[in-house]
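Only one structure is covered here, and it is reproduced in the block below.
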Amino acid sequence: MGRILAMASGGYGARPAPRNRAAALCLGLMSAVACPAVAGAQEVTLAALGDSLTQGYGLPPEDGFVPQLEAWLQARGHDVAITNAGVSGDTTAGGLSRIDWTLTPDVDGLIVALGGNDLLRGIPPEESRANLDGILSRADQADVPVLLIGMTAPGNYGPEFKAAFDAMYPELAEEYGALYAESFLGALEQREDRDAAMASYMQDDGIHPNADGVEVIVDSLGPAVEQLIERAAD
């Protein structure tokens, strides 16, 4: 994506332990009638580890990526909650420093969308790769499935930098058996009239999507997150 991320701070926190309200209500009823199958179901909790794109920079809280994605999934019948572990300005190193306390015991699946700020700072791809490797390794140790969202470097860093950066996402996903999506902003950047799409779906900074842009992104990434939910529920 070549141009990501001017930043404002964003916070996040862990959700309480997952629970299913229908199941709790059913168990609480003093009745001889057997509870339906929903009593065995549990809410799936995902954590979205990322930067300002995940955090929802420049948008009302309800219009950010995480709330829109959660609503999209719930509308499709998924009992899911998503913790917003996005911090504006964060790099892969920042994500690695936060991974142990992001992976709380209630987290069933992890979305990783980091690397744009590494590009802005010209961090060598081998450092970014090592950080992402550390994140995926921690998730693997915790037996938490991952959806890794990649990106591509601009050509101005040189062919060797670009080749190493672009390759690290699919290669790490394959190494760890993670789900993989090519790009966070791909649904906008790959439209036939890219300039018109970017004008319609980006904020004035030209870097972060507006609420309509987030909706397009969620429609694109949603099916991959549904696969993550399937793995998390196994």
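Scoring 73-82, 130-139, 52-61, 192-201 by mean Cβ neighbours within 10 Å over their residues and listing the highest first yields 52-61, 130-139, 73-82, 192-201.
Take the Cβ-Cβ distance between GLU189 and ASN156 as r, set R0 to 22 Å, and report the resulting FRET efficiency rounded to the nearest 0.05. Efficiency computed from Cβ-Cβ geometry: 0.85. The mean sequence distance of close C-alpha pairs (under 8 Å, at least 6 residues apart), as a share of the length of region 127-216, puts its relative contact order at 23 percent.
Within the shell of other residues whose beta carbon sits under 12 angstrom from the beta carbon of LEU49, the net charge comes to -1, with Lys and Arg scored +1 and Asp and Glu -1. Computed from the C-beta positions of GLU126 and GLU175, the FRET efficiency with R₀ = 25 Å rounds to 0.95. Using the Stokes-Einstein relation with a Kirkwood hydrodynamic radius computed over Cα pairs, the translational diffusion coefficient of region 92-234 at 20 °C and a viscosity of 1.002 mPa s comes to 133 µm²/s. Each principal axis of region 190-229 carries a Cα extent, and these read 34, 20, 13 Å when sorted largest first.
Label zone of SER137 (point 7 Å out along Cα→Cβ, amide N under 14 Å): in region 109-130 this covers 127-130.
Using C-alpha pairs under 8 Å with a sequence gap of at least 6, the mean separation divided by the residue count of region 75-234 gives a relative contact order of 21 percent. With Cα atoms as the point set, the radius of gyration and Dmax of region 162-234 evaluate to 14.6, 42 Å.
Residues ASP234, ASP51, ordered by accessible area of protein heavy atoms at a 1.4 angstrom probe radius and largest first, appear as ASP234, ASP51.
Computed over neighbours whose Cβ is under 14 Å from that of PRO125, the net charge equals -4, Lys and Arg +1, Asp and Glu -1.
The alpha carbons of region 90-131 give a radius of gyration and a Dmax of 11.5, 35 Å, in that order.
The values are calculated or read from the model by the stated rules, or taken from the named source; none is laboratory data. Since we're looking at a predicted model, the values are computed, not measured. Please note: Cβ atoms are built from the backbone with ideal geometry, for glycine as well, and neighbour counts cover all protein chains shown. To get the accessible areas, we keep the full protein, side chains included, count just its heavy atoms, and leave off ligands, DNA and RNA. Shrake-Rupley method; radii C 1.70, N 1.55, O 1.52, S 1.80 Å.
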